[in-house]
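The values are calculated or read from the model by the stated rules, or taken from the named source; none is laboratory data. All figures in this text were calculated on a predicted structure; none of them were measured in a lab. Every residue, glycine as well, gets a Cβ built from its backbone with ideal geometry; the counts of neighbours run over all protein chains shown. When the accessible area is computed, the model is the full protein with side chains, heavy atoms only, and any ligands, DNA or RNA have been set aside. Shrake-Rupley method; radii C 1.70, N 1.55, O 1.52, S 1.80 Å.
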Amino acid sequence: GDLKNGSRFYQAKCGACHGGKAQGNVSFNAPKLSGLYPQYLRRQMNNFKQGIRGQHQEDKWGRQMAMMSTTVSDQELADILFYISEQAQ
């Protein structure tokens, strides 16, 4: 991944809810992402994209993630995941 692009994409698409350094945000029910395995995060994003997650009517936050997952290309996700993995260090 590309750290500079990852930071830029992360801040634009993820940081408002998950925190600037992927530390999470209780107010938005957005979990901490730093410290999680990139493979796990990629699988969850794919689950949102494919409708496996985020479809229940009462899951407001999941529906939001399902919508956001469609705004991230595969390359952007790779860069975002690289940025997140660097935040755990």
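Would you work out what percent of the accessible area of region 3-89, with all protein chains in place, is carbon or sulfur (probe 1.4 Å)? It would help to have the intermediate numbers written out before the result.
Numbers: 2940 of 5530 Å².
Ligands and nucleic acids excluded, carbon and sulfur give 53 percent.
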Once Lys and Arg are counted +1 and Asp and Glu -1 for all other residues with Cβ under 14 Å from that of residue 45, the total becomes +2
How far apart, in nm, are the 7 Å Cα→Cβ label points at residue 52 and residue 86? 2.9 nm
Across region 17-34, in residue order, what do the Karplus-derived ³J(HN,Hα) couplings come to in whole Hz, using 6.51 cos²θ - 1.76 cosθ + 1.60 with θ = phi - 60° and x for Gly and Pro? 9, 8, x, x, 10, 6, 7, x, 8, 4, 4, 9, 6, 9, x, 5, 9, 5
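Percent relative contact order of the chain, based on C-alpha pairs within less than 8 angstrom and at least six residues apart?
On the way: 118 pairs, mean separation 37.1, N = 89.
That works out to 42 percent.
Ranked from highest to lowest mean number of other Cβ atoms within 10 Å per residue, what is the order of the peptides 6-14, 77-85?
Ranked by mean Cβ neighbours within 10 Å, highest first: 77-85, 6-14.
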Can you compute the modelled spin-label distance between residue 40 and residue 5, with each label point 7 Å from Cα toward Cβ, in nm? 2.6 nm
